[in-house]
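These notes are about the structure you will find just below.
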Amino acid sequence: MARSRRSRRTLTVIVLVVVSLSLISLDQNGRTHSLTSGIKSVANDVYAPLRQGVLDIISPIGNFFAGAFNYGSVQAQNERLQRTIGQLRAAQLEQGFEKDQLREITALQNLPFLQSLPTVTAETVDENSSNFTATITLDKGRADGVDVGYPVVGAGGLVGQVIQSFHHTSVVRLITDGQSKVGVMFGNNQSTGIVDGQGPSYSMTADLVAPRTPVHKGQTMFTSSLDAAAFPPGIPVATVRTFSTAPGASQETIRVDPAANLGELAYVDIVQWVPST
Amino acid sequence: MTGRSVLRVALVIFLVLMVQQTVMVALRIGGAHPDLLWLLPITAALLDGPETGAIVGFWSGLAFDLVLPTPFGLSALVGCVVGYSTGALTTAADPRATWLKPVAAAAGSVGADMLFAVLGAILGQGEMVQVNFLSLILVVGVSSVVLVLPVNRLMRWALAGEGNRRSLVPAQADSRIW
């Protein structure tokens, strides 16, 4: 009897582990990924309004305990101000990139300039839902014209890229995430490199920058205008924090900070732009 | 599990999912937030043994997989393993011991997060091991010790009538654990 129960228990666990591994395999396989993605999409369409309902209920309680009686309106005003500051900072940095000159060049090359591209403004409804990824969830999805791969800007620069798009919500991978890689250009020589996210707890690096490339602290790096780039050109990505070149190294060691203030992402703009193939 | 227990467990999973995604994600310290997910299989295993722990871990993990950006099925796999391991490792422990739930919660949750990160890295998401593990261990460990009691109460309600091993303990004696 005890042996029968034990073997049934073992069989149950084996079946569950096999099913889990099969689901992971389906998700990782390029051909069947759409299946798991579809399941997630349906689940998120059901889940998002429920979650928002719960947030609507508990938010006032949280605001009450947070302090002031009119905390909610102050917070909303603060979020609007943060958004405005972010837009101003982005505009200011873009001017430093010789905006007019770039506009002329990109027009000649038939490349889009960010300001001429359509955008969808979205509100951040969730940040870092997992301890292991740097992502945000937005309140706009496929129904609002948001698709996978669209760049997301705000708070002074590039925020990330849409990696999942559901009916009314979407998930954005932040540029600090370990899987994020952004091609950049910087300086008068239009030097190129790749800004690599190193995970939410570590600072980003700029890789593939040739040794002795002129660079200075605080220098802003912009999305590159190379063909088939994943982002439109001219968006501020990062600013240089430290740089050095070790003897014999094949590239400079550059640590960078995000140009966008990723701690102030109440509102962002999703750029409806797809890379040229 | 009976049909009624299945419904109750599903309700508890949904409730914990909502609390996790609305309240817990906002309680971020040093880049990490509490992780309620793993407490479901741990408490189920403590209450009803490894098989129930594995089943609850699988379904709760699957529910979380639907809303997390990590690989689909990963939470289900880890939840299943954690539920089974917790049940198997605590079979011989005295269920009235006051240390059992906090220790199982802290060790199980931290172990689950480690396993989750390593398996994620093996699946090609190397950034999952590029987190601040010290703050993750502290936040998840401490919060699990604090939150295991309410989650255990919910799970006990969900599994009521299952004839589980912990229900063999007289209610009065078991209440001392609280």
Search the range A:174-185 for residues being assigned to a strand (DSSP E or B) and buried (at least 23 other Cβ atoms within 10 Å of the Cβ), and hand back the single one that is farthest from the other protein chains (Cβ to nearest Cβ).
-> A:184
Regarding residue A:265, is this residue among the hydrophobic types (A, V, I, L, M, F, W, C), assigned to a loop (DSSP other than H, G, I, E, B) and surrounded by 15 or more Cβ atoms within 10 Å (Cβ to Cβ)?
-> yes
Look at the range A:210-248 and say how many of its residues are touching a residue at least 60 places away in the same chain (Cβ under 8 Å) and among the charged types (D, E, K, R).
-> 0
So residue A:204 fits all but one of (1) in contact with a His (Cβ under 7 Å, 6 or more places away or on another chain); (2) within 13 Å of chain B (Cβ to nearest Cβ); what number is the exception?
-> (1)
Within the range A:150-173, which residues are at pLDDT below 90 and not in a strand (DSSP E or B)?
-> A:155, A:156, A:166, A:167, A:168, A:169
Looking only at the range B:19-35, and only at residues there that are open to solvent by 10 Å² or more (accessible area, probe 1.4 Å) and hydrophobic (A, V, I, L, M, F, W, C), the one that is modelled with the highest pLDDT | B:19
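Is it true that residue A:26 is more than 7 Å from every other protein chain (Cβ to nearest Cβ), on the phi < 0 side of the Ramachandran plot and surrounded by 12 or more Cβ atoms within 10 Å (Cβ to Cβ)?
Values: more than 7 Å from every other protein chain (Cβ to nearest Cβ): yes; on the phi < 0 side of the Ramachandran plot: yes; surrounded by 12 or more Cβ atoms within 10 Å (Cβ to Cβ): yes.
Yes: the conditions hold for residue A:26.
Report, by residue number, each residue of the range A:216-236 that is of a type in the set (Gly, Ala, Ser) and at pLDDT 80 or above.
Of all residues in the range A:216-236, those of a type in the set (Gly, Ala, Ser) come to A:218, A:224-225, A:228-230, A:234.
Scanning the range A:216-236 gives A:218, A:224, A:230, A:234.
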Filtering the range A:237-257 for residues that are assigned to a strand (DSSP E or B) and at pLDDT below 90 leaves a count of 5
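Got at least one residue in the range A:32-43 being open to solvent by less than 70 Å² (accessible area, probe 1.4 Å), within 13 Å of chain B (Cβ to nearest Cβ), modelled with pLDDT under 80 and more than 30 Å from residue A:264 (Cβ to Cβ)?
Filtering the range A:32-43 down to residues open to solvent by less than 70 Å² (accessible area, probe 1.4 Å) leaves A:32, A:36-38, A:40-41, A:43.
Restricting the remaining residues to those that are within 13 Å of chain B (Cβ to nearest Cβ) gives A:32, A:36-38, A:40-41, A:43.
Checking the rest, the ones that are also modelled with pLDDT under 80 come to A:32.
Of the ones still in play, those that are also more than 30 Å from residue A:264 (Cβ to Cβ) are A:32.
Yes, that holds for at least one residue.
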Cβ pairs under 6 Å, 6+ apart or interchain, first in the range B:126-150 and free of Cβ contacts under 8 Å to residues at least 24 places away in the same chain, second among the hydrophobic types (A, V, I, L, M, F, W, C) and buried (at least 17 other Cβ atoms within 10 Å of the Cβ), ordered by first then second residue, are B:129/B:117
Kindly check whether there is at least one residue in the range A:74-82 that is at pLDDT 80 or above, part of a helix (DSSP H, G or I), open to solvent by 70 Å² or more (accessible area, probe 1.4 Å) and under 24 Å from residue B:76 (Cβ atoms).
-> no
Failed condition for residue A:252, given (1) more than 14 Å from chain B (Cβ to nearest Cβ); (2) open to solvent by 40 Å² or more (accessible area, probe 1.4 Å) = (2)
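Kindly indicate whether any position in the range B:117-125 is out of contact with any helix residue (DSSP H, G or I) (no Cβ under 8 Å at 6 or more places or on another chain) and within 12 Å of another protein chain (Cβ to nearest Cβ). Walk me through it before giving the result.
So the first thing to find is which residues in the range B:117-125 are out of contact with any helix residue (DSSP H, G or I) (no Cβ under 8 Å at 6 or more places or on another chain), and the list is B:122, B:125.
Narrowing further to those that are within 12 Å of another protein chain (Cβ to nearest Cβ): B:122, B:125.
Yes; the residues of the range B:117-125 include at least one that is out of contact with any helix residue (DSSP H, G or I) (no Cβ under 8 Å at 6 or more places or on another chain) and within 12 Å of another protein chain (Cβ to nearest Cβ).
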Which of the residues that make up the range A:118-141 are open to solvent by 10 Å² or more (accessible area, probe 1.4 Å), within 14 Å of chain B (Cβ to nearest Cβ), assigned to a strand (DSSP E or B) and not aliphatic (A, V, I, L, M)?
-> A:124, A:126, A:127, A:137
(1) buried (at least 21 other Cβ atoms within 10 Å of the Cβ); (2) touching a Phe, Trp or Tyr at 6+ places or on another chain (Cβ under 6 Å); (3) not in a strand (DSSP E or B); (4) not charged (D, E, K, R) all hold for residue A:215 apart from (1)
Determine if the range A:142-163 includes at least one residue that is polar (S, T, N, Q) and surrounded by fewer than 17 Cβ atoms within 10 Å (Cβ to Cβ).
-> no
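The values are calculated or read from the model by the stated rules, or taken from the named source; none is laboratory data. Bear in mind that the values here come from a model prediction, so they are computed numbers and not experimental data. Backbone-built Cβ (ideal geometry, glycine too); neighbour counts: all protein chains shown. Please note that ligands, DNA and RNA were not included when accessible areas were found on the heavy atoms of the full protein model with its side chains. Shrake-Rupley method; radii C 1.70, N 1.55, O 1.52, S 1.80 Å.
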